[in-house]
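Scroll down for the structure; my scribbles are underneath it.
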Amino acid sequence: MYCLNHLRGSEMTQDESKRKAAEGALEYIKDVSILGVGTGSTVNHFIDCLADFNLTQDIQGAVSSSIATTERLKKIGVPVMELAESGNLDVYVDGADEVNPLKQLIKGGGGALTREKIIAGASAKFVCIVDQSKTVDVLGKFPLPIEVIPMARSYIAREMVKLGGQPIWRENYITDNGCEIIDVHNMEIMEPLALEKAVNNLAGVVSVGIFGLRPADVVLVAKETGVETL
Ligand code: 5RP
């Protein structure tokens, strides 16, 4: 590690950036007894932080957005609850695949978009943690994930072609909800709200990975110079 950093002029790796963003989120969970927790490698760092900073005793429980996150939370001793029993949450911490200046997001690279959208919607504050590579001016370079009912897959793919995208089926992948994912490439999403509504309205769509109707409230971007708050 020393040698690599020396050669790079001590630039942070993407993984180190994700950890920095995750540490930044700890500021937002003080006095929160039940926490919403997202999915992905940045969130895994956040869960590691809960353990590393001995915060697990302060948390009564967590509502998790995926089976993977549930397992990780349980491993560090955080009880996992259903959203139906917890009621609405004060804070939800999650990563993103892309973030624009309006704090609108693309999510779902890890396939957990629907549960993530539900928990984000049920939370008073959505704290999004990202490394700088995730920030964009216009959403859409990252392929847009859409979770679909399996029988609707080809129909929705054809509809997405009409909307200007190139859909690719995420083969051999089943979501925690038993559904499938289409990743739509080459979308330049100039109007995230309009596209989110249009795709949500297609029969067979479970949810689309645009988080525009419910954007993040706070975005913590880890940069070389520190963690910037949007
Ligand atoms: C999972 C997600 C993740 O938040 C997103 O894919 C970012 O992942 P990572 O933190 O691994 O870069 O939306 O469905």
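The values are calculated or read from the model by the stated rules, or taken from the named source; none is laboratory data. In this text the structure is predicted, and so the values were computed from the model without any measurement. Cβ: placed from backbone, ideal geometry, glycine included. Neighbour counts: every protein chain shown. For the accessible areas, the whole protein counts, side chains as well, though only heavy atoms, and no ligand, DNA or RNA atoms are used. Shrake-Rupley method; radii C 1.70, N 1.55, O 1.52, S 1.80 Å.
Quick check on region 125-144. Is at least one of its residues surrounded by 20 or more Cβ atoms within 10 Å (Cβ to Cβ), part of a helix (DSSP H, G or I) and either of a type in the set (Asp, Glu) or within 15 Å of the ligand (Cβ to nearest atom) (or both)?
Yes, region 125-144 has at least one match.
Against the condition modelled with pLDDT of 95 or more and touching a strand residue (DSSP E or B) at 6+ places or on another chain (Cβ under 6 Å), how does residue 204 come out, does it pass?
Working: modelled with pLDDT of 95 or more: yes; touching a strand residue (DSSP E or B) at 6+ places or on another chain (Cβ under 6 Å): yes.
So residue 204 passes the test.
Which ones in region 14-47 are acidic (Asp, Glu) and either open to solvent by less than 50 Å² (accessible area, probe 1.4 Å) or under 15 Å from residue 133 (Cβ atoms) (or both)? First the steps, then the outcome.
The initial filter retains those residues of region 14-47 that are acidic (Asp, Glu), namely 15-16, 23, 27, 31.
Across region 14-47, the qualifying residues are 15, 16.
Under the condition of being hydrophobic (A, V, I, L, M, F, W, C) and open to solvent by 20 Å² or more (accessible area, probe 1.4 Å), which residue from region 108-124 is nearest to residue 226 (Cα to Cα)?
Pass one, region 108-124, residues hydrophobic (A, V, I, L, M, F, W, C): 112-113, 118-120, 122, 124.
Applying the additional criterion that residues be open to solvent by 20 Å² or more (accessible area, probe 1.4 Å) yields 118, 124.
Numbers: 118: 31, 124: 26 Å.
Once the filter is applied, the top-ranked residue is 124.
Could you pull out the residue among 195, 220 that is open to solvent by 10 Å² or more (accessible area, probe 1.4 Å) and on the phi < 0 side of the Ramachandran plot? Give the steps one after another, and end with the answer.
Values: 220 fails: open to solvent by 10 Å² or more (accessible area, probe 1.4 Å).
Just a single option satisfies the conditions, and that option is 195.
Which residue, of 152, 157, 122, is under 16 Å from the mean Cα position of the chain (by Cα), away from the ligand (no atom under 12 Å from the Cβ) and of a type outside the set (Val, Ile, Thr)? Even if it seems obvious, please write down each step before you answer.
Values: 152 fails: under 16 Å from the mean Cα position of the chain (by Cα); 157 fails: under 16 Å from the mean Cα position of the chain (by Cα).
None of the others qualify; the one that does is 122.
Please verify whether residue 162 is in contact (Cβ under 8 Å) with a residue 60 or more places away in the chain and open to solvent by 20 Å² or more (accessible area, probe 1.4 Å), treating the condition exactly as stated. Outline the logic, then answer.
Working: in contact (Cβ under 8 Å) with a residue 60 or more places away in the chain: no; open to solvent by 20 Å² or more (accessible area, probe 1.4 Å): yes.
No; evaluated as a whole, the condition is false for this residue.
Name the helices (runs of 4 or more DSSP H) wholly within region 1-107 that hold at least 2 residues that are within 16 Å of the ligand (Cβ to nearest atom) and farther than 20 Å from residue 228 by Cα? Full working, then the answer.
On the way: elements: 2-8, 14-25, 41-52, 67-75, 83-86.
Output list reads 41-52, 67-75.
Could you list, in sequence order, all residues of region 181-223 that are more than 25 Å from residue 92 (Cα to Cα) and in contact with an Asp or Glu (Cβ under 8 Å, 6 or more places away or on another chain)?
Answer for region 181-223, where residues must be more than 25 Å from residue 92 (Cα to Cα) and in contact with an Asp or Glu (Cβ under 8 Å, 6 or more places away or on another chain): just 202.
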